[in-house]
Amino acid sequence: MLAGKLPQLEAALAGLETLDPQSLAARIAKAGDRWPGARPTAEPANSAFDPPPLPPSYHLLAADGSQIHPDRHAGALFYLINIGSLHLVAGSGAAPQTHTRPALFHEPADLYDEFGGLIPNELIDGRRDAAELGELARLAQATAGEPSLALLDNGLILWLVLQVRDQPKRAVDEILRRYLGHLRELRDLGAAVAGVIDRPRHANVASLAHLGELPLESVDDASLKASPYLGLTDRALFDRQLAHGQRSAVFIHGSPVNRDFDKAGHQVHFYYLKTAGDTVLRVEIPVWVANNPRLLGLTQAAILADSAATDGFPYALARAHELAVIGQAERTQLESMLADALLRHGLPARPSTKAAAKRWLTGRRRHRV
Amino acid sequence: MTQDLPLIGRVTRCSLRGFVGALRLPEPDMPAFGALCSAEAQQGASQVIGLIYDIAIQDDEFARQIASAEGVSAEQIADHQANRQIPIEFSALAVGYRQGATFHYSLPAQPPLSLAPIYALPATDVVGFTRQLSFLPLILSAGGLPSDELLAAALQGAARARPEAERRAFLVEAGRACSRLLTDDLGRLDNLLQALRPQVSRP
């Protein structure tokens, strides 16, 4: 039923090209900052671009992170961020360099916020995101002057900033400052940066296509919410629009957080890319990649090439994830090492009574009444 | 003494009859079928002598995906072979043990412990251990193994560890020892001698 609306959505996308850009801009302005639709760029919204040829040799850098959140009921209070990364020189035939960088945080300054509360998990996730980008910037130091693409297994927008209302603002600002700083380092080193989202659920381009169909005077919250394309994703749309290897036009990310990125010179853009196995990836890039044809082309061609053997998702990111992931066995081992260390310092590390009770109860047979 | 020897892996599981070791690629010294190795037991008081009879490389979902895919790059293959933590597992049959400077040709009193280091047996020890052929019955009687091929590979390896002038005499002596042990199975003996022959006939 929904799929039946796809041709209509495609026509709406094509219709954007018949609109006067000023008139579309007026509708976007009227839709307001909270409207989540994509903003167009100079590229026609329904265009499709073949991948450019790849340089004979280029660097592919990928980083991913995982974390152990603090557990009030565990024997020791800590959190851990583990970053896995891979530096592959495409065309060299050599095995890539791999790195795993765990960081353990246990000092009171790491664990408690300015009001004495335990650090929220969202802040830890934000620190992980910044650490992933930091690792890419570190790897890119060795590739300056050569074609390089740094990949993240996520969008480029720091979602933590959207949750700022619930979080201590100073800590969020510090993470955002660090994150944008790493983007600047990567830009200054001449590397392309891309955040890759597999199976994206976004509908920002569909929202834009719908907005294009509304007369300016009827653009309001009610009409925007009454889109006939609700439930359809950009992925479904571009699955029809793109042939294997092609990318869509570049759009500007509509998130309010993008204002912070824009102010720092890293406004987030995105496009969709069809890779092996008809996978449609969403690729998020900063404005300085979007506006540089050589860097933009490298993101498309290198992500496409690296995804050929892994069913459409980049190999380098799959490996970075594998290097980053913390298994249950490793987690248990770490907890027991920490408990040992505490005991050596004369501090008994016992799980809370609640955690201990849960452990006793899980092994027990239930008595029937 | 053992620190200078090439480490080929660590024990992951074991019994008195043998042990299984694992190593990560790319170790410079890959174990080979029919090679002798030793693993520490009894807190270093003895070394179990093992004969490698199987080498297996485990796979996983990711390796299977890459193996069956088109467009795999040379770097991705090199990554799998050099970086991914897929252990090579090798199995060794216990064929004797050493206490001090003396080799014993029977099962050890205790097996090695988990993660005990496994070293390749250096050529001088291979010659020393195979000076007596009393370990042959342990190989011939081992069930569920390609024992004839294993024995031939072990004897050829022991011959190669000797000076060239002594190799033929060693293999002829080993062939005679096998004949005495396999008098009731001439077909098997014939196969074994065939397997040793190319080495025997080498000038």
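Only the coordinates and a few stated rules stand behind these numbers; no lab work does. These figures come from a predicted structure and were not determined experimentally. Virtual Cβ from ideal backbone geometry, glycine too; neighbours counted across all protein chains shown.
Things worth noting here:
- Computed per residue of chain B from DSSP H runs no shorter than four, each worth -39500 (n - 2.57), the mean residue ellipticity at 222 nm is -11500 deg cm²/dmol.
- Surrounding net charge for A:His266, when Lys and Arg each add one and Asp and Glu each subtract one, Cβ distance under 15 Å: 0
- Modelled spin-label separation between B:Gln194 and B:Phe62, with each label point placed 7 Å from Cα along the Cα-to-Cβ direction: 4.5 nm.
- Between 0 and 90 degrees, the angle of helix A:328-344 with respect to the longest Cα principal axis of chain A falls at about 40 degrees.
- DSSP bridge pairs, segment A:48-324: antiparallel proportion in percent, nearest 5: 80
- Computed from Cα atoms, the angle from the helix B:147-160 axis to the main principal axis of chain B rounds to 80 degrees.
- Nearest-ten-degree value, helix A:293-306 long axis tilted from longest Cα axis of chain A: 60
- Options A:Tyr272, A:Ala222, A:Ala130, ranked by Cα towards positive dipole end of segment A:128-278, top entry (Cβ charges): A:Ala130
- If you plug the beta carbon distance of B:Leu115 and A:Asp311 into 1/(1 + (r/R0)^6) with R0 = 22 Å, you get a FRET efficiency near 0.05.
- Per-pair calculated FRET efficiency, R0 = 51 Å: A:Arg331 and B:Arg160 via Cβ, rounded to 0.05: 0.60
- Cut-off 17 Å (backbone N to label point 7 Å along Cα→Cβ of A:Asp50), residues of segment A:284-323: A:297-298, A:300-302, A:304-305
- Going from the fewest other Cβ atoms within 10 Å to the most, the residues B:Arg84, A:Arg128 appear in the order B:Arg84, A:Arg128.
- Structure note, pairs A:Lys169/A:Lys274; A:Lys169/A:Lys263; A:Lys30/A:Lys263: Cα-Cα distances above 29 angstrom occur for A:Lys169/A:Lys274.
- Separation between Cα centres of segment A:223-300 and segment B:74-126, rounded to whole Å: 53
- FRET efficiency, 1/(1 + (r/R0)^6) with R0 41 Å, evaluated for B:Arg180 and A:Thr100 via beta carbons: 0.15
- Burial ordering of A:His210, A:His69, fewest other beta-carbon atoms within 10 Å first: A:His69, A:His210
- Neighbour counting of Cβ atoms within 10 Å sorts the residues A:Leu211, A:Leu338, fewest neighbours leading, into A:Leu338, A:Leu211.
- Equivalent ellipsoid, segment B:2-201 (semi-axes from 5 times Cα gyration tensor eigenvalues, Å): 31, 22, 16
- The calculated 222 nm mean residue ellipticity attributable to helices in chain A amounts to -12000 deg cm²/dmol, summing -39500 (n - 2.57) over DSSP H runs of n ≥ 4 and dividing by all residues.
- Calculated diffusion of segment A:60-150, Stokes-Einstein form, Kirkwood radius summed over Cα pairs, 20 °C and 1.002 mPa s, µm²/s: 145
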